[in-house]
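Q: Quick one: the structure is below, and I'll ask about it shortly.
The values are calculated or read from the model by the stated rules, or taken from the named source; none is laboratory data. Being a predicted model, the structure only gives us computed values, none of them experimental. Cβ atoms come from the backbone with ideal geometry, glycine included; neighbour counts cover every protein chain shown.
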Amino acid sequence: MSSVARPIDVAWPQELQSSRAFDALAPSYDSLPNPLLALEQRYLERLLPSLHDRDVLDVGCGSGRWLTELARRRPRGLTGLDLSREMLEVARQKKLPGVELLHRSCTGTGMPDGSVDLLLSSFVLSHVGDLPRAVSELTRIARPGCGLFISDIHPEAQRKLGWKRAFHDATGVIEFETHRRSPRQVAALFAGLGWDVTVSIIAEFGPPERAIFEAAARLSRFHEAAGHPAIYLLHLRKRDAARPENSGNRMSLAGARCALGPEESTAASLRICNGAIDRIVANGYAETCASSGLEIDLTGYLLMPGMVNAHDHLEFALFPRLGNPPYANAAAWARDIQKNLASVIARHKAVAKEVRLWWGGIRNLLCGVTTVCHHNPPEPELQRADFPVHAIQNCGWAHSIAFGGDLRSAKAAALAGRPFIVHACEGIDDCARAELGQLDSLGLLDGDLVLIHGLAIDDDGAALLRDRGTSVVLCPSSNDYLFGVVPEVARLERIRDLALGSDSPLTAAGDLLDEIRFAIHNCGIAPPRAYRMATEAPASILRLTGGEGSMRAGAQADLIAVRDTGCTAARTLSTLSAAEIELVLVSGQVRLASSEMMNRLPAALSSGLEPLWCNGSLRWLRAPITQLDEVERVLGAGAVQLGGKPIRRPTAEEIAHAS
Ligand SMILES: [Zn+2]
């Protein structure tokens with residue numbers, strides 16, 4: 001995006017006044033601990049879409065706080081404009097690659113008509129006196145379909161808590177000129193010029209901000225603010241005549257608390273259209289989402305993104321744990337079970353592989369996983385639209401150094417730009433330790449590589465992985481079973497990304513929820529980190545582009561609901577088991593419901609769900625449960641275990657009793 005010669009409008013006096021205040025603030029702005037900015041950052045970064053192929057403008061970029069984050073996401077073009085020369089100078093000193101900085105006003109940007117795909121306005125509009133003029137200017141430069149993210153202090157916080165936007169310098173208190181407007185008033189101005197509200201949420205301070213208040217000896221202010229909205233966030237979309245809003249196949253989820261991240265949640269309704277989230281609207285905001293179509297009342301529930309299981313072997317879901325541990329490395333385990341437990345393996349393999357793959361999908365669905373990375377050759381069965389969860393199998397892949405054949409050929413055969421996934425360093429002996437060097441000598445240790453396990457990585461290895469941008473997927477309960485050792489997470493702290501995988505029941509403790517609890521209790525992983533390792537991190541490592549592991553407008557509607565205990569999503573997840581997953585949507589379709597949830601589902605959404613008795617709970621699944629008869633014929637009636645947990649078809653009495 002280039003700046004063009006265009007007459008720059010004269011800024012309004014209020015803006016100039018603010019710009020002078022910001023000039024004074026600029027030298028210290030980045031170093032001042034600011035709970036409002038911290039709160040905004042952790043919500044807004046989760047709402048932003050992919051910036052690929054977009055021209056982005058940060059309106060009121062200040063010291064370049066958001067430009068830094070936006071540049072990291074590699075948009076096509078990135079421009080920041082601000083009225084404060086001093087703030088722009090601070091931004092300039094950050095030397096962000098490809099970023100253009102302009103000394104302009106949001107009421108006169110000087111940008112060409114229809115030149116921007118995404119606009120950001122962070123804590124800016126309340127400083128603008130003539131908002132209609134700014135709205136008109138931003139509408140002019142926005143392309144059809146342009147997204148606009150707005151954040152600001154919630155007027156209620158200013159009114160009820162008496163917050164002022166001010167700071168101290170040597171001359172005393174400098175107060176900013178501000179204009180209190182509700183998010184609804186702001187959105188209404190944009191709506192009048194052809195923008196739709198896609199996201200409207202309010203956010204309150206949480207644990208991360210508490211630490212900032214505490215460090216500033218202002219903890220009482222934190223407690224005063226508890227229960228009050230602190231900021232609001234809006235995501236608007238400029239209507240596109242060429243792509244009219246799709247009105248077909250809609251449903252809404254009302255009344256839940258929605259988890260946008262590990263410690264980010266808001267009471268809101270979601271609208272789902274054609275399998276994707278197309279509205280997130282705070283309760284009480286306005287008309288809410290319940291316009292047309294089907295609705296599920298989720299009052300009393302916490303709605304979270306479906307989890308992403310970074311590692312599984314789906315065809316082994318019906319197998320028990322196998323082995324006589326401890327072992328020194330994974331190859332020794334594999335050779336041992338093939339030699340000494342051949343009859344058990346043969347008996348389970350007598351169940352048709354397609355059937356076993358489906359139960360691999362069901363094992364994931366039951367614990368709230370909506371996307372799983374299948375580590376084995378691609379299977380057509382997994383591509384079916386009715387497979388219980390999304391199964392990723394377009395990554396480059398090799399089993400391991402011991403059993404993977406020619407790894408360089410496997411890497412060459414992988415699709416360009418896709419991750420290349422290998423079991424490595426799975427053990428505690430020299431063999432396992434040597435694998436990092438072997439991968440390096442094969443030229444494979446790079447940013448595409450994803451190591452599964454990495455148990456034998458030492459400090460030097462961790463530093464090497466960090467330098468090469470390699471990611472690691474941990475399956476600690478499998479390591480504990482085979483070797484009596486779990487990964488040292490502190491050692492792996494600085495590598496690019498860490499995710500959790502359930503691995504298969506051949507070695508794992510159970511499902512991904514069991515793995516998360518195991519990782520928290522045995523590896524010292526904090527709940528917010530564990531949450532990210534089962535949602536955002538695997539989505540990033542696997543380069544998923546559908547919004548998997550997140551809840552934002554445009555993301556595919558892969559969602560799970562559990563009873564709301566008032567805790568953060570991270571804290572909730574840290575104690576969660578499959579028996580508490582009451583609703584799972586995959587691309588907007590109900591794939592799992594508890595008996596309680598069945599009572600809340602419109603008939604059109606519950607139709608076709610089949611009952612399964614799983615480890616003491618009744619679940620209704622959109623899956624071919626009748627296949628269980630075939631499995632029982634092979635493994636024995638009442639003897640079938642899924643991920644080590646007993647499953648069977650429930651009796652009519654059990655179904656009647658549960659509902
Ligand atoms: Zn594995």
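Q: Among the numbered criteria (1) within 13 Å of the ligand (Cβ to nearest atom); (2) without any contact (Cβ under 8 Å) to a residue 24 or more places away in the chain, which one does D467 miss?
A: Every listed condition holds for D467 apart from (1).
Q: Tally time: how many residues in the stretch 470-486 are within 14 Å of the ligand (Cβ to nearest atom) and not in a helix (DSSP H, G or I)?
A: Qualifying residue count for the region: 4.
Q: Condition first: polar (S, T, N, Q) and within 16 Å of the ligand (Cβ to nearest atom). Can you find one or more residues in the stretch 342-349 that meet it?
A: No, that holds for no residue.
Q: For A391, state whether it is within 16 Å of the ligand (Cβ to nearest atom), of a type outside the set (D, E, K, R), in a strand (DSSP E or B) and assigned by TED's automatic domain parsing to the domain that holds R543.
A: Yes.
Q: For the stretch 615-625, check the following and say yes or no: at least one residue is in a loop (DSSP other than H, G, I, E, B), exposed (fewer than 14 other Cβ atoms within 10 Å of the Cβ) and not assigned by TED's automatic domain parsing to the domain that holds D386.
A: yes
Q: Could you list, in sequence order, the residues of the stretch 489-509 that are at pLDDT 95 or above and either of a type outside the set (S, T, N, Q) or farther than 16 Å from V308 by Cβ (or both)? Outline the logic, then answer.
A: To start, the set of residues in the stretch 489-509 that are at pLDDT 95 or above comprises 498-509.
Answer for the stretch 489-509, where residues must be at pLDDT 95 or above and either of a type outside the set (S, T, N, Q) or farther than 16 Å from V308 by Cβ (or both): L498, A499, L500, G501, D503, S504, P505, L506, T507, A508, A509.
Q: Would it be correct to say that G145 is exposed (fewer than 15 other Cβ atoms within 10 Å of the Cβ), out of contact with any Leu (no Cβ under 6 Å at 6 or more places or on another chain) and not aliphatic (A, V, I, L, M)?
A: Yes, satisfied.
Q: Quickly run through the stretch 500-529 and pick out the residues that are hydrophobic (A, V, I, L, M, F, W, C) and within 13 Å of the ligand (Cβ to nearest atom).
A: L500, L506, A508 - these are the residues of the stretch 500-529 that are hydrophobic (A, V, I, L, M, F, W, C) and within 13 Å of the ligand (Cβ to nearest atom).
Q: Test each condition in (1) outside any loop (DSSP other than H, G, I, E, B); (2) touching a helix residue (DSSP H, G or I) at 6+ places or on another chain (Cβ under 8 Å) for P229 and report the one that comes out false.
A: (1)
Q: Tell me, please, whether a residue that is surrounded by fewer than 24 Cβ atoms within 10 Å (Cβ to Cβ) and assigned to a helix (DSSP H, G or I) can be found in the stretch 97-110.
A: No, the conditions are met nowhere in the stretch 97-110.
Q: A further question follows. In the stretch 545-564, how many are part of a loop (DSSP other than H, G, I, E, B) and touching a His at 6+ places or on another chain (Cβ under 9 Å)?
A: Residues flagged as part of a loop (DSSP other than H, G, I, E, B) and touching a His at 6+ places or on another chain (Cβ under 9 Å) within the stretch 545-564 amount to 6.
Q: Within the stretch 565-588, which residues are within 23 Å of A203 (Cα to Cα) and either without any contact (Cβ under 8 Å) to a residue 40 or more places away in the chain or of a type in the set (V, I, T) (or both)? Before the answer, list the steps.
A: Quick first cut of the stretch 565-588, residues within 23 Å of A203 (Cα to Cα) only: 565-574.
Matches in the stretch 565-588: T565, G566, C567, T568, T572.
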